[in-house]
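Here the structure comes first, spelled out in structure tokens, and everything after it is commentary.
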Amino acid sequence: MEGTQDNRHRAYWLKTLHEWHWVSAAACLLGMLLFAVTGFTLNHAGQIEAKPQVTSQRATLPEALRGALARQARAAPAHAAVPAALQAWARSEWGIDTAGREAEWSPGELYVSLPRPGGDAWLRVGLEDGAAEYERTDRGWISYLNDLHKGRNTGAAWGWFIDIFAAACLVFTVTGLFILLMHAGRRPFTWPLVGLGLVVPVLLALLFIH
């Protein structure tokens, strides 16, 4: 009777672990594929050629907007939010979004850095003559995916995704470990393989990473 109860207890936990394992695996599938591929591309970044494409555009601010920015520059701190009027003008002129960005103010110039995944961009405005210049650099889709892997200039939403994805991977890994534990009695190579997965990276780190 006690053996039957133990078997039921084991079957319950094994079923529960399998459910959590496959659900977390399904949730992590595409993310793990992305991070595996970009892990390879990042490791071989020197061998993968990237040809950046640079686009430059120039325009002149309306006199009213230039005057307003020049007056604001006299009292503005060195770093402050991009003025709403300049945001609207940049959006209508070049289709760029500067909302939430920080501008670097100087007596004769306003500069906005616009980094993004897979590239870079910046906006410069001359406060004396109203000359505006926008430059965008695109390093290609491999660089874009690599930056997603690193969370570089990806914003809060992608940061939350990485955190949730990491938690799901932990669930996938821990439930997999317990499933191995429950099946290890019938599979003698389980722990040698687990140990190998631990020993190999440790030895590589100790012997070849300086």
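The values are calculated or read from the model by the stated rules, or taken from the named source; none is laboratory data. Nothing here was measured: the structure is a model prediction, and the numbers come from that model. So basically every Cβ, Gly included, is an ideal-geometry build from the backbone, and we count neighbours across all protein chains shown.
Is it the case that the stretch 34-48 has a residue that's among the hydroxyl-bearing types (Ser, Thr, Tyr), more than 26 Å from LEU114 (Cα to Cα) and under 29 Å from the mean Cα position of the chain (by Cα)? Within the stretch 34-48, none of the residues are among the hydroxyl-bearing types (Ser, Thr, Tyr), more than 26 Å from LEU114 (Cα to Cα) and under 29 Å from the mean Cα position of the chain (by Cα). Of all the listed residues (ALA27, ALA68), the sole one being within 30 Å of GLU133 (Cα to Cα) and assigned to a helix (DSSP H, G or I) is ALA68. Reported count of residues in the stretch 118-130, each being under 20 Å from ARG91 (Cβ atoms) and of a type outside the set (A, V, I, L, M, F, W, C), is 5.
May I ask you to list the residues in the stretch 164-198 that are basic (Lys, Arg) and either assigned to a helix (DSSP H, G or I) or touching a strand residue (DSSP E or B) at 6+ places or on another chain (Cβ under 7 Å) (or both)? Can you show your working first?
Initial filter on the stretch 164-198 (basic (Lys, Arg)): 186-187.
ARG186 - this is the single residue of the stretch 164-198 that is basic (Lys, Arg) and either assigned to a helix (DSSP H, G or I) or touching a strand residue (DSSP E or B) at 6+ places or on another chain (Cβ under 7 Å) (or both).
Cβ-Cβ contacts under 8 Å between residues 6 or more apart (or on different chains), taken from a first residue in the stretch 81-104 that is in the same structural domain as ALA68 (by TED's automatic domain parsing) and assigned to a helix (DSSP H, G or I) to a second residue that is surrounded by 13 or more Cβ atoms within 10 Å (Cβ to Cβ) and aromatic (Phe, Trp, Tyr), are listed as ALA90/TYR134; TRP94/TYR134. Selection of the stretch 115-163 for residues being crowded, with 17+ Cβ neighbours inside 10 Å, in a helix (DSSP H, G or I) and in contact with a helix residue (DSSP H, G or I) (Cβ under 8 Å, 6 or more places away or on another chain) yields ILE142, LEU145, ASN146, LEU148, HIS149.
Can you name the residue in the stretch 105-114 that is in contact with a strand residue (DSSP E or B) (Cβ under 7 Å, 6 or more places away or on another chain) and part of a strand (DSSP E or B) and is also nearest to ALA80 (Cα to Cα) among such residues? Ranking the qualifying residues of the stretch 105-114, first place goes to TRP105.
Which residue is nearest to LEU34 (Cα to Cα), if the candidates are limited to the stretch 168-191 and must be of a type in the set (Gly, Ala, Ser) and surrounded by 13 or more Cβ atoms within 10 Å (Cβ to Cβ)? Per the stated criteria, the residue is ALA168.
Residue-by-condition table, conditions (1) in contact with a strand residue (DSSP E or B) (Cβ under 9 Å, 6 or more places away or on another chain); (2) modelled with pLDDT under 90; (3) of a type outside the set (Asp, Glu):
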site: GLU2; (1), (2), (3): no, yes, no
site: TYR12; (1), (2), (3): no, yes, yes
site: LEU33; (1), (2), (3): no, no, yes
site: ALA36; (1), (2), (3): no, no, yes
site: ASN43; (1), (2), (3): no, no, yes
site: LYS51; (1), (2), (3): no, yes, yes
site: VAL54; (1), (2), (3): yes, no, yes
site: ARG66; (1), (2), (3): yes, no, yes
